[in-house]
Amino acid sequence: MARQVQPREFKGMENRLLKIAGNRLVFVVIAWVVSLLVTACVLPQAFGSWSEAATMAAAAFLMLVFGPYLLVVGLCGGMVGDVGWGLVAMVPFVVAQVAFLWLLSGKTSLWRRLGRLGRPARCIAVTALAILSIVGVWSSLPCVDTYKVAVGGDKIKGEPLRFVVISDLHSCYYGYRQRTLVDAVLRERPDAVLLVGDIADDRLADNNAAILICQLAKQFPCIYVSGNHEYWSERVDEIKAWIRGYGATVLEGDVRTVEIKGTMVDFCGIDDPTYILGSWFGQLKTVHEKSDPKHLRILLSHRPECADIYARYDFDLVVAGHLHGGQLRLPWLDVGLYGPAWGYRQFFPRYSDGIYALNDNTRLVVSRGLARESTPLPRFFNHPEIMVLEVASAPR
């Protein structure tokens, strides 16, 4: 007959279990498991690949353990730009990481004070880290957003036109052979794909960008303009050459006229103003003069912060990217926190996401872009975006 556990022994066993459960490392593991389960449930549907889900689950763990590093380095690095961010962030990185590991060791006065408040306080502390991890992973999932724009006059002759806008890919990885992005674009069946800059990157290899353009250019007309990171790479001519080689159209102060569903469309493309500010104004003036006012005139330009300049012209649409939706977006307010503008960081940028009226006739359309691992600061409440743009005649 089995010996019954005496109350004192049971109490001792309970205390041992509570002691184990109170260990900081165990709490971190529990939080990680929760993140992993949430990630594993969500990501296979989003990516269609368990290997991709496993990769993102690992990212969840890194965000949980190295959260202070990502936050501090990202904030410091983002403020000073891509050249000096590493040096500036060295000290806060060391301080934040040591402090975090010290906290997890359970030998800090802070943790003891939390202990005095009871296990709920410890649970809350680690749960907050788990939520940060989950939100970070969830925010990195790409989405397809559809925007509808009405154009005045009788420029749209038949059915509404449908474009996919891809910006700021920065050669980031989206599954084997970029299937996540390719499949999403194929499902939308666009009339053309508009690539509005920073498709390649100045630090990451071109492989992912090349794979995407190679596959899309076989299926749809693709039109590309440069971004600042292509110029920062000092390989802008090389990048343009391989993009042309895959069959995409590269515009650099040029106009490409295409008939789509009976509507004449002038795609007007200008380079990014990085290093070429003087000729940039010349390109803008040239494409405006070359385009036909009777056609639907779409200006492709990487920079949305030049909206006041675009408003001086009478393009029907201006399509841009660059600001990554503000990188961090404030939930419920739907406001971007910051973005680069003409070499400096602009907090709460005016044009970061969606559609804006520049004048009575011109609409600015800004994509949040697809940058993920290329940026020092993770996206929060800001999904990478594949933009679908439907252009129709305005009701009379």
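Things worth noting here:
- For the stretch 197-334, a Kirkwood radius taken over Cα pairs fed into Stokes-Einstein (25 °C, viscosity 0.890 mPa s) yields D = 154 µm²/s.
- Stokes-Einstein, applied to the Kirkwood radius of the stretch 143-393 over Cα pairs at a viscosity of 1.567 mPa s and 4 °C, places its translational diffusion at 73 µm² s⁻¹.
- Cβ-based net charge around LEU169, under 9 Å, with every Lys or Arg adding one and every Asp or Glu removing one: -3
- Integer Hz, Karplus 6.51/-1.76/1.60 couplings in order for the stretch 174-191, x for Gly and Pro: 10, x, 4, 6, 6, 4, 4, 6, 4, 5, 5, 5, 4, 5, 7, 6, x, 6
Taken together, the values in this text are just the output of simple stated rules run on the coordinates, not laboratory data. Worth saying up front: this structure is predicted, and the values here are computed from it rather than measured. With ideal geometry, Cβ positions are generated from the backbone for all residues, glycine too; neighbour counts draw on all protein chains shown.
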